[in-house]
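The values are calculated or read from the model by the stated rules, or taken from the named source; none is laboratory data. Just so you know, these numbers come straight off a predicted model, no measurement behind them. FYI the Cβ positions are ideal-geometry reconstructions off the backbone, even for glycines, and counts take in every protein chain you see. Note: areas computed on protein heavy atoms with side chains; ligands, DNA, RNA excluded. Shrake-Rupley method; radii C 1.70, N 1.55, O 1.52, S 1.80 Å.
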Amino acid sequence: MAKMPEVRLDVRKDDWFTQIRKLPAWQGIPVALPLCLIIVGGLIGGLVGALGTVINLKIARLALSPVWKALSMVGVILGAVITYLLIAAVLAAAF
């Protein structure tokens, strides 16, 4: 007879902010920086910023050298800002 898997209810996955707080400062700041698009861009900035934060959080967990992590995170931040500006320009031209 097959053994039933054990279910544990006390295991909790940390939310984004807890995961960011656990990072060193040199990683936590670039991870959270795309969220500043919420202030500038409202809903669109928030969506793009949240996506950039999730990507930077995944980069921070990778086993890369610190230089590559920093460069990758800066690239994601620039990509998020450029994406927001493109979406805003398209919407401004459409309306």
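Using helices alone, I'd like the mean residue ellipticity at 222 nm for the chain: each DSSP H run of four-plus residues gives -39500 (n - 2.57), total over residue count, nearest 500. It comes out at -24000 deg cm²/dmol, rounded to the nearest 500.
Of the labelled options [x] 75, 8, 4; [y] 32, 19, 12; [z] 18, 15, 13, which one gives semi-axes √(5λ) of the Cα gyration tensor in Å as computed for this structure? For semi-axes √(5λ) of the Cα gyration tensor in Å, the calculated option is [y].
Leaving ligands and nucleic acids out of the surface, order Ile38, Ile59 by accessible area at 1.4 Å, largest first.
Numbers: Ile38 90, Ile59 25 Å².
Ranking Ile38, Ile59 by accessible area, largest first, yields Ile38, Ile59.
How far is helix 66-94 tilted, in degrees, relative to the longest principal axis of the Cα atoms in the chain, given as a value from 0 to 90 rounded to the nearest 10? The two axes meet at around 50 degrees. If you fit an axis through the alpha-carbon atoms of helix 37-61 and take the longest principal axis of the Cα set of the chain, what angle between them do you get, 0 to 90°, nearest 10? On a 0 to 90 degree scale, this one is about 40. What you get for the chain, charging only the Cβ of Lys and Arg (+1) and of Asp and Glu (-1), is a dipole of about 280 debye around the Cα centre.
Evaluate the relative contact order of the chain (contact order divided by residue number), counting alpha-carbon pairs under 8 angstrom at least 6 apart; express in whole percent. About 24 percent, as a whole number.
Suppose the chain between Ile82 and Leu47 were pulled fully straight at 0.36 nm per residue; how much longer would it get relative to their current alpha carbon spacing?
Numbers: separation 35, 0.36 × 35 = 12.60 nm, distance 1.34 nm.
Going from the current span to full extension adds 11.3 nm.
Using a Förster distance of 35 Å, how high is the FRET efficiency between Ala25 and Ala89, based on the Cβ-Cβ distance and rounded to 0.05?
Values: r = 34 Å, r/R0 = 0.97.
Using R0 = 35 Å, I get an efficiency of 0.55.
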